[in-house]
1. Cα centroids of the stretch B:209-283 and the stretch B:22-66: how far apart, whole angstrom?
2. Before rounding to the nearest 500, sum -39500 (n - 2.57) across all DSSP H runs of length at least 4 in chain B and divide by the residue total; then give [θ] at 222 nm in deg cm²/dmol.
3. Compare B:Ala62, B:Ala109, B:Ala124 in a GNM of chain B, Cα atoms joined below 10 Å, and give the one with the largest fluctuation.
4. Among A:Thr77, A:Thr266, A:Thr180, which one shows the biggest mean-square fluctuation in a GNM of chain A, springs joining Cα atoms closer than 10 Å?
5. Can you put A:Phe105, B:Phe51, A:Phe263 in order, fewest other beta carbons within 10 Å first?
6. Using a 7 Å offset from the Cα along the Cα-to-Cβ direction at both A:Lys194 and B:Met248, what is the distance between the two label points in nm, to one decimal?
7. Between the label point of A:Ile186 and that of the same position in each other copy, find the distances and list them shortest first in nm, with every label point placed 7 Å from Cα along the Cα-to-C-beta direction.
8. Between copies, how far does the label point of B:Ser155 sit from its twins, in nm, shortest first, when each point is 7 Å from Cα along Cα→Cβ?
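Rule-based calculations on the coordinates, nothing more; no lab input. Being a predicted model, the structure only gives us computed values, none of them experimental. Positions of Cβ are generated from backbone atoms using ideal geometry, with glycine treated the same way; all protein chains shown enter the neighbour counts.
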There are 2 protein chains.
Amino acid sequence: MKKIKIKVPATVANMVCGFDILGMAIHEPYDEMELKLLDSPEIIIKHEDRFGLSEDPSNNVAGVVLQHIQQHLKLTTGFEVTIRKHIKPGSGLGSSAASAAGAAFGANALLGNILSKEEMVHFAMFGEELASGVRHADNIAPCIYGGITLVKSSSPIDIIPLNTPDLFVAAVHPQVEVKTSDARQILKKNILLKDAIEQWGNIAGLVTGILKNDIPLIGRSLNDVIIEPVRSILIPKFEEIKAKSLKMGALGGGISGSGPSIFMLTERKQTAQDIARMMKSVYDDIEVESLIYVSKINPVGIEIVEKEY
Amino acid sequence: MKKIKIKVPATVANMVCGFDILGMAIHEPYDEMELKLLDSPEIIIKHEDRFGLSEDPSNNVAGVVLQHIQQHLKLTTGFEVTIRKHIKPGSGLGSSAASAAGAAFGANALLGNILSKEEMVHFAMFGEELASGVRHADNIAPCIYGGITLVKSSSPIDIIPLNTPDLFVAAVHPQVEVKTSDARQILKKNILLKDAIEQWGNIAGLVTGILKNDIPLIGRSLNDVIIEPVRSILIPKFEEIKAKSLKMGALGGGISGSGPSIFMLTERKQTAQDIARMMKSVYDDIEVESLIYVSKINPVGIEIVEKEY
């Protein structure tokens, strides 16, 4: 029986100023997924974790991705998927994207790599649609491509892999709930042109910094005058953590995806570790449990751990 | 007597989606400027052209730039400047920026290169302020740095030189008046967040295309959903010229600066020449006089033609 085991990494969407267009893969946390090709056209989902996610394929992120692949390719075969999720749903670290991207990646490998990366993104977006109602690719793209990706457009899909600067990421996931749909709803539909101009200057600066490996330019481009001022209200202690991180030497950072996780980029590992500890202690002080992660930007994305085919 | 003769090129600000942040230097048209260092602290401006620009230093773009340099550096010397302007004022091809940047560049050369490029931009922006009321650097920066530049911020000045893709530029200047101040006033102060997201995806794509020399990516990023739909109304035949240019093989293009000039980028010289002729004939048909220019993107910016010092 053909099967594959993969590690599917967490991802940080938006990267401060690149709302809905930029994302990066990190190493920690990651989900473990095992996919088997079945002779019959069933889709079986098993969750070996404790997040209470539905195992009904039509109501499971990985399930709907596989259903779409199956239908589109008119497969007579099916898939059994076992998911050990470590990226908590609702963390803002691309938990649903990991299930979706992992399903598309795993199925593609089992079918003999018949899909392009853009096609994998296309199918994985059905999973995001189930999870949040929006077919966005800003977490899926870095998960599949690795490194930092630009989603220039998600319809038609136009993804530009950028680069992987040699930087560390400190992230904290405070155990408070921010629903992606709520985080979208509080955004203003109208923004000031002058703010948009400042934002696109920062985006152009960030993209240039990433491509030229210009670390100071990355640092001074990590400013968001549009989304962060609104969304950060939903995240307790956001301002304090950001201010302390910058003081401790972070290049910059902000909300990961729609939150509540917060991430910071640093040049040195030690700085990232110190910042992660500080983040935890800020939440300890207000008796909010939190999980912290330190890793480098992940240049690869999904990795194959084991395969039989 | 120390003197310098320079060629100061036209520039195309905005580059479609990069409103207020991107600009590029071209070769044609260009102004000729001659600057002499005087023993006394006077500033003398002579215009050897027929645009009726004031020769009173306080009311002349080059004049105010030199006044600011003189004051800031507490100079006991002065400048005599002779300007043969070929970039028509009000063309949208960076006419005022050329006078301003040329003055700063020429003075700096005569003073022994004591200013950085960013300082030249700083002083030149006083000329833009006189011309349009706004201290913007999107034309000045490419004039001084050459190639395509990103003005990440004009206060503080943060300019990132990008790259010079091997492309041709066809430009037409129809002889209709569009004042920069009018072109600014008709813009909406509020824009839709969803449009801004599409715009910054295009900007990120354009910057990536420029830096990676990815010509198709440059082409599919040259879309402006915010400024062009409003400003193009001021320019007769804009839609027709754009549509025909794309059909003839242009990568893309749009309004140069605040107009009325229109520019198109092409891979081949022949295509640019054909497009320029088409542009002229469209305006001929409605009995609007026009000037056309074909050149490559100018990697150098201002050039020294002659110097004695």
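1. The stretch B:209-283 and the stretch B:22-66 have Cα centres separated by 30 Å.
2. Numbers: 10 runs with 114 residues, N = 309.
Computed mean residue ellipticity for chain B: -11500 deg cm²/dmol.
3. B:Ala109
4. Evaluated over chain A, the most mobile residue of the options is A:Thr77.
5. Numbers: A:Phe105 27, B:Phe51 13, A:Phe263 30.
In order of increasing Cβ crowding within 10 Å: B:Phe51, A:Phe105, A:Phe263.
6. So the label points at A:Lys194 and B:Met248 sit 4.0 nm apart.
7. Once sorted, the set of distances for A:Ile186 reads 3.9 nm.
8. Ordered by increasing distance: 4.1 nm.
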